[in-house]
Amino acid sequence: MKCSIHFYLLNEHFSEEHAEANHNGEESDMNRKYEWEDELLINNVLDIVEQEKANYPLQGSLADGKAFSYDVADMRLFDVLTEDTPVTVGCSESIMESCELSKNGDDFDLKIYIKDFEPMSNPVPGIFIATQEFPKELIGE
């Protein structure tokens with residue numbers, strides 16, 4: 001079993017009306033629906049557990065080697081439970097437009113749509129944190 005995870009950064013300038021009138025409802029080179037797309041594929045997936053308004057433990061080391069650990073609040077997290085080590089993906093609630101989790105047979109498909117006009121950080125693959133919620137102590141390090 002596998003899980004395909006897609007993050008989409010919405011283009012706030014996308015015009016549905018223009019797409020309908022000129023391109024059969026599809027996006028075009030000058031009217032893109034997404035600024036970018038990021039994709040992850042995880043194998044050996046058993047299940048996915050969604051958490052709303054959860055805390056994400058952001059951990060690592062500073063340039064001087066000193067360890068840090070901060071809980072980032074108000075995250076929409078998805079724990080991808082695997083036969084090996086679980087993987088957590090998600091984003092701040094404030095930057096998430098919507099999400100879709102579906103299961104096709106044994107495979108999962110997760111789509112997360114992120115608002116374009118909100119500044120954010122991507123400290124590790126699969127985690128997007130609103131700049132306003134990123135630990136201030138880590139900015140400028």
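Tell me the net charge near ALA130. Cut-off is 12 Å between Cβ atoms, ALA130 excluded, with +1 for each Lys or Arg and -1 for each Asp or Glu. Don't skip to the end; give the middle numbers.
Values: positive: ARG76, LYS115; negative: ASP74, GLU93, GLU118, GLU133.
That sum, taken over residues with Cβ under 12 Å, equals -2.
Among SER98, LEU9, GLN59, whose Cα lies farthest out toward the positive end of the dipole of the chain, if unit charges sit on the beta carbon of Lys, Arg (+1) and Asp, Glu (-1)?
Going by the Cα projections, it comes out as GLN59.
If you put +1 on each Lys and Arg Cβ and -1 on each Asp and Glu Cβ, how big is the dipole of the range 2-138 around its Cα centre, in Debye rounded to 20? Mind showing how you got there, number by number?
On the way: 10 positive and 30 negative charges, 96 e Å.
That gives the range 2-138 a dipole magnitude of about 460 debye.
If you stretched the chain out fully between ASP79 and GLU12, how much longer would it get, using 0.36 nm times the residue separation minus the C-alpha to C-alpha distance?
The ASP79-GLU12 span can extend by a further 21.2 nm.
Once every DSSP H run of n ≥ 4 in the chain is given -39500 (n - 2.57) and the sum is divided by its residues, what mean residue ellipticity at 222 nm do you get, rounded to the nearest 500 deg cm²/dmol?
For the chain, the value works out to -1000 deg cm²/dmol.
Which whole-number percent gives the relative contact order of the chain, counting Cα pairs below 8 Å spaced six or more residues apart?
Relative contact order here is 25 percent.
Please report the orientation-averaged projected area of the range 68-141, defined via the convex hull of its C-alpha atoms, in nm².
On the way: hull surface 24.2 nm².
About 6.1 nm², averaged over all directions.
Expressed as cubic angstrom per residue, what is the convex hull volume of the alpha carbon set of the chain? If you can, show how the numbers build up before the last one.
Numbers: hull volume 18.4 nm³, N = 141.
Convex hull volume per residue, Cα atoms: 130 Å³.
Lys and Arg at +1, Asp and Glu at -1: add these up for the other residues within a Cβ distance under 15 Å of GLU39 and post the number. Please list the in-between numbers first.
On the way: positive: LYS2, LYS111; negative: GLU35, GLU37, ASP38, GLU100, ASP107, ASP109.
Net charge around GLU39: -4.
Each value in this text was obtained by applying a stated rule to the coordinates, not by laboratory testing. Predicted, not measured: the structure shown is a model, and the values here were computed from it. When we count neighbours, we look across all protein chains shown, and the Cβ atoms used for this are built from the backbone with ideal geometry, even at glycine.
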